[in-house]
Every structure is written in structure tokens, then in C-alpha cells.
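All of the numbers you see were taken from the coordinates with simple rules; none came from a lab. Because the structure is a prediction, the values reported are computed rather than measured. Note that each Cβ is placed from the backbone with ideal geometry, even for glycine, and that neighbours are counted across all protein chains shown.
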Amino acid sequence: MFLKFFHLTFGFLIVLAVMIGVNAQTNTPDASTSNGRTSSNKEDLPKSIKESLAKSRIESEKKDYEELLQRSKEALKITEELEKSFSQNNQLSVEDQKKLDRLEKLAKKIRKELGGDADEESEKKDNLSSMQNALEILQNNSTKLFDELKKATRYSVSVIAIQSSNALIKAVRFLRFTKN
């Protein structure tokens, strides 16, 4: 009986020692930090690294802004193609429907990048009565969107651009779901 008690106590002490050892290893202060906490602060980084991070962030913002302009330019081009196709055929073809899908995706992506969301208020304002009317609204709003993004900076958020993208999306949906 005494031997059994001794084995259980010895086993318990071994398990306790292993647990303390594992705990000590996970809580050991890192040699690169002064107070033992892991440091992810930018304040601790050398000046050259801070400068390179700032430059890469600026370049990334410029790239994002250029992509935004390209998307609005593509949306304007698609709108012009749709209007030309409709004026020739007086209806929208299957290829035009694909262009409408692409235009809707572009407008949603632009709106999202500008920080906008769906606008329920504009749902009541625009009166889309015919396909010709919807195509005119598409043309006006895609031009307005492109012009607004061109004159804005990458640091600004344009309410007009967000409203234009919402109007574009609404007109595209009208055209996609309206029978020719």
C-alpha cells in the first residue's frame, strides 16, 4: 500500500514538473523585447523600415486609386457600347446582357471601394420608364462617376460618385430584368 502511494505521488510530481516546465517555456520573455511582451508596435521599428512601410502604403494607395479610375473608365466604355447597340438594334442582345452584368459588378466594386452602400432613398427618386430612359441614365451617371473620380483625390470620398454608382446599379438592374 505504501509503495502504491509512493508511485502515485511520484507520478503526480513528474506531471507537475512537466507542466511547470512547459508553462515556463511559453512565458519566457523574448530577447528582442525589453519587458517580455511581444512587440508589434511600429514605434519599435527602425526609421528606415518605417519609411519603407510608408512608401509601400502610399504606392498601394496610388495603385488602388488608379484601378478605381480604370474601373470607372471601363464602365463608361461599356455604357457607350450599350447605348450604341441599342440605338442600332432597338433591343439588347445576349452579349449586351453580359455587358450589363459586367457593368453592375464594376459599379458595385467602385461603390464598395468608395465606402458606399446600397441607397434605398434613390430607389424612390429615379423614374425608369423605358429602356431608352434607362440607357440615358446609365450614360449620364457613368460620365458623372468617371468625372467625379477623376477630379477627386485618393484621400477623398465622393458622395456624388457613390450616388452615381447606386444610380448605375439601379438602371442596370432595370435593363437586365425588363423585357425588350
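Could you rank the peptides 162-168, 7-13, 108-114 by their average count of other C-beta atoms within 10 Å per residue, with the highest value first?
Descending mean neighbour count gives 162-168, 108-114, 7-13.
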Practice task
Starting from 0 in steps of 5 Å, tell me what percent of the Cα-Cα pairs of segment 51-177 lands in each bin.
Solution key: 2, 12, 21, 22, 16, 12, 7, 4, 2, 1, 1, 0
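Before anything else, pin down the relative contact order of segment 51-177: Cα pairs under 8 Å, at least 6 apart, normalised by residue count, whole percent.
So the answer I get is 35 percent.
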Handout entry: Which listed pairs, of 105/150; 77/170; 50/105; 62/105, have C-alpha distances above 26 Å, in listed order
Key = 50/105
Handout entry: J(HN,Hα) series, segment 12-17, from Karplus relation 6.51 cos²θ - 1.76 cosθ + 1.60, nearest Hz, glycine and proline x
Key = 4, 5, 5, 4, 4, 5
